[in-house]
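Heads up: the structure comes next, in structure tokens.
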Amino acid sequence: MADIINYIIIAICLLCWILIILKLMQSKFAPVKTVKAEVFDKYKPDVISKYPKNLKSKRYVVVFKTKDKKLSFNVSEFSYGNYKINEKGTLKYKGTKIISFK
């Protein structure tokens, strides 16, 4: 019985690693897409650190609304301030990374 549980745990771990690798490859080899978009929302969720000295760290998220879906991107603190809600433009992105928004 313990062997079966060990095999199941190993299978789940392998599946998780495969999914992580596929996600990374999908982002790296994704095509560059260009769409008309509007800055729909932006926010800074608190992320609790597992290290005692860094109790909180910041993520900066910008959400764009296109004609048929919403796209969320993590951005740097510097670029976060440049996005204004309801601003419209052309969004160029590759996977999970913004290339430009003009």
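Here the contact order of the chain, divided by its residue count and restricted to Cα pairs under 8 Å and six or more residues apart, works out to 28 percent. Peptides 16-22, 58-64, ordered by how many other C-beta atoms sit within 10 Å of their residues on average, highest first, read 58-64, 16-22.
Dividing the summed -39500 (n - 2.57) terms of all DSSP H runs of n ≥ 4 by the residue count of the chain sets its mean residue ellipticity at 222 nm at -10000 deg cm²/dmol.
Compared with the dominant principal axis of the Cα atoms in the chain, helix 2-28 is inclined by about 20°. Placing R0 at 30 angstrom, the Cβ-Cβ distance between CYS16 and SER100 gives a FRET efficiency of 0.35 after rounding to 0.05.
At q = 0.11, 0.17, 0.24 Å⁻¹ the log10 of I(q)/I(0) for the chain amounts to -0.51, -0.89, -1.19, computed by Debye summation with a single uniform scatterer per C-alpha, solvent ignored. Here the accessible area is traced with a 1.4 Å probe on the protein chains. For the chain, carbon and sulfur cover 63 percent of it. The residues of the chain expose, per residue, 81 Å² of accessible area to a 1.4 Å probe.
The values are calculated or read from the model by the stated rules, or taken from the named source; none is laboratory data. All values reported here derive from a predicted model rather than from experimental measurement. Don't worry about glycine lacking a Cβ; one is built from the backbone with ideal geometry, like all the others, and counts go over all protein chains shown. Remember, those area values only see protein heavy atoms, side chains included, never the ligands or the DNA or RNA. Shrake-Rupley method; radii C 1.70, N 1.55, O 1.52, S 1.80 Å.
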